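Below is one structure, written out as structure tokens; comments come after it.
The values are calculated or read from the model by the stated rules, or taken from the named source; none is laboratory data. Remember, it's a predicted structure, so these values are computed and weren't measured experimentally. Positions of Cβ are generated from backbone atoms using ideal geometry, with glycine treated the same way; all protein chains shown enter the neighbour counts.
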């Protein structure tokens, strides 16, 4: 088995366990405007190598979302948001592509692409994920003000944690 496959299997397990055992308990508020749910598990999809086929990325997004749904007791909220995030990932990668293109063996991380590129990439996809997550959770446009508020606060705390994790653990593959 390839080293990159082993790394991503371990990353899948680690993000799932951290989300379920630690971050699930860090939710702040109770269904009000200020409800914050810190999400780190989307980082698994964001760190997959560029050469990962889109159908596999979408399947892995569904898989991690499904397991998080099982742990949270939600029915399809996390998996739906992860499938959408995994689907939009290739479009964001193409949109942010540098003039010289991507190195075939590189991954979307701060080491290969630079800190500015990585922050833009993760911010776009994390915001998309969190907004879709709360839209699926509310399932009606009536609560758009609450959805935007929850998206803002969850995005802020999730991005802070994501950047702390990425800059301290320094994932290179």
**Request:** All but one of (1) free of Cβ contacts under 8 Å to residues at least 12 places away in the same chain; (2) under 15 Å from the mean Cα position of the chain (by Cα); (3) more than 18 Å from residue 20 (Cα to Cα) hold for residue 166, so report the exception by its number.
**Result:** (1)
**Asked** Has region 141-162 got any residue that is in contact with a strand residue (DSSP E or B) (Cβ under 6 Å, 6 or more places away or on another chain) and closer than 27 Å to residue 9 by Cα?
**Response** yes
**Tally, over region 1-15, of residues that are free of Cβ contacts under 8 Å to residues at least 40 places away in the same chain and part of a helix (DSSP H, G or I)** = 6
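Limited to region 22-64, what total is found for residues that are assigned to a helix (DSSP H, G or I) and modelled with pLDDT of 90 or more?
Here is the first cut: in region 22-64, the residues assigned to a helix (DSSP H, G or I) are 23-26, 43-46, 54-64.
Now restrict to residues that are modelled with pLDDT of 90 or more: 43-46, 54-64.
Residues in region 22-64 being assigned to a helix (DSSP H, G or I) and modelled with pLDDT of 90 or more: 15 in total.
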**Message:** Would you confirm whether or not region 41-48 contains a residue that is within 22 Å of residue 127 (Cβ to Cβ) and either surrounded by fewer than 19 Cβ atoms within 10 Å (Cβ to Cβ) or touching a strand residue (DSSP E or B) at 6+ places or on another chain (Cβ under 7 Å) (or both)?
**Reply:** no
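Restricted to region 75-91, and to residues that are without any contact (Cβ under 8 Å) to a residue 40 or more places away in the chain and within 24 Å of residue 37 (Cα to Cα), which residue is surrounded by the fewest Cβ atoms within 10 Å (Cβ to Cβ)?
Of all residues in region 75-91, those without any contact (Cβ under 8 Å) to a residue 40 or more places away in the chain come to 75, 79, 83, 87, 90-91.
Checking the rest, the ones that are also within 24 Å of residue 37 (Cα to Cα) come to 75, 79, 83, 87.
Values: 75: 10, 79: 21, 83: 22, 87: 14.
Within region 75-91, the match that is surrounded by the fewest Cβ atoms within 10 Å (Cβ to Cβ) is 75.
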**Message:** If I filter region 123-136 down to residues being touching a residue at least 60 places away in the same chain (Cβ under 8 Å) and under 12 Å from residue 39 (Cβ atoms), which single residue comes out as surrounded by the most Cβ atoms within 10 Å (Cβ to Cβ)?
**Reply:** 129
**Request:** Could you tell me which of the residues 93, 144, 124 is over 17 Å from the mean Cα position of the chain (by Cα), at negative phi and in a helix (DSSP H, G or I)?
**Result:** 144
